[in-house]
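Read the figures in this text as sums done on the coordinates, not as results from a lab. Here the structure is a predicted model, which means the values were calculated and not measured. No Cβ is skipped: glycine too gets one built from the backbone with ideal geometry, and neighbour counts run over all protein chains shown.
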Amino acid sequence: MKVWFVGAGPGDPDLLTVKARRLLEGCQICIYAGSLVSPEVVGVTPDECELHDSAGMTLEEIEAVVVDAQQRDIDVVRLHTGDPSIYGAIREQMNVFDRLSVAYEVVPGVSSFQAAAAALKAELTVPEISQTVILSRTSGRTPMPKKQALEHLARTESTLCLFLSVHKLDEVALELADFYGAECPIGVVYRASWPDQQVIVGTLSDIAAKVREAGFTKTAMIVVGQALSRDLPVSKLYHRHFSHGYRQADKDGEETSE
Ligand code: SAH
């Protein structure tokens, strides 16, 4: 018997990995994060599958479902939105399973920051502009560690992907404008890859008003940085004087990214 932590991806069931789909199709017991996992993805489980929505469950209740499955020797799929390693609160569950001597494995998923980048048709890493992507959030009920406050991250002018933060977009945009400039591009993607996906693009100065008008306050990804500009330097990758493992030019040793 095993618990499978499975990444449900951002919403579109076609964005499940082959392994995730296989596990869901054969699943008899599934605990899913009902607040975020799309019904279409949960719908991949067979009709007879026993479903538990973790949105209304305590850790002890999750434990009880797993103990019951252990006694019946049935695998459990623990379905987390996007990729389980990002704001998935999986560590505390793993600690419980360790105590119960229940084996577990993790199946990665497409994270919502990737689905948002796809919706924005954005490259998050652009030569000489941003070679770093930061996945972070603003403080909510979970405080931010002091050294990771938005102002410290913003100083790096990296591409920022902010989870769990759209309800504070006014504050976030204002704070970021001091570092990225008020005209820096920003994209906000509501329910990336869902049928009702919405993409709003703007600048740090006008995005809050646009999103307020659209009226969404959760399940949205914020992407900020000059990398979102359309008019940027071209990568060396396809340049005729740039050689790499698959194409010879004059001289070069740098590893290529593609
Ligand atoms: N593990 C998830 C993140 C869970 S935290 C992942 O890898 O994507 C929940 C936050 O993720 C939401 O507040 C929102 O910021 C973001 N999110 C999750 N699904 C989303 C989607 N389909 N579109 C946009 N943002 C999403």
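Structure data summary
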| quantity | calculated |
| --- | --- |
| Gaussian network model of the chain, Cα within-10 Å springs - most flexible of L164, L16, L232 | L232 |
| Residue with peak Gaussian network fluctuation, the chain [Cα springs, cutoff 10 Å], from S243, S35, S111 | S243 |
| Nearest-ten-degree value, helix 59-72 long axis tilted from longest Cα axis of the chain | 50 |
| Degrees, to the nearest 10: 90-100 long Cα axis against longest axis of the chain | 30 |
| Size of charge dipole - segment 112-228 - debye, nearest 20, with Cβ of Lys, Arg +1 and Asp, Glu -1, no other charges | 520 |
| Cβ crowding within 10 Å averaged over residues, with 74-84, 141-151, 38-48 ranked highest first | 74-84, 38-48, 141-151 |
| Per-residue HN-Hα couplings for segment 33-47 [Karplus 6.51, -1.76, 1.60; θ = phi - 60°; Hz; x = Gly/Pro] | 7, x, 6, 10, 6, 6, x, 5, 6, 4, x, 6, 5, x, 4 |
| Segment 55-167: Rg to Rh, with Rh as the Kirkwood radius over Cα pairs | 1.07 |
| Most mobile of G202, G140, G34 in a GNM of the chain (Cα contacts under 10 Å) | G140 |
| Beta bridges per DSSP with both ends in the chain, % antiparallel, nearest 5 | 45 |
| Lysine pairs within the chain, Cα separation less than 17 Å, 8 or more sequence positions apart or different chains | 5 |
| Structure-based [θ]222 nm, the chain - -39500 (n - 2.57) summed over DSSP H runs of at least 4, per residue, nearest 500 | -7500 deg cm²/dmol |
| Peptides ranked, highest mean first, by Cβ atoms within 10 Å: ranges 182-192, 165-175, 1-11 | 1-11, 182-192, 165-175 |
| Virtual spin-label span in nm between D231 and E171, 7 Å along Cα→Cβ | 3.5 |
| Cβ-placed point charges (K, R +1; D, E -1), dipole of segment 2-107 about Cα centre in debye, nearest 20 | 320 |
| Counting DSSP beta bridges with both ends in segment 112-228, the antiparallel % (nearest 5) | 75 |
| Charge dipole (the chain, unit charges on Cβ, about Cα centre) - positive-most of P13, V211, F179 | F179 |
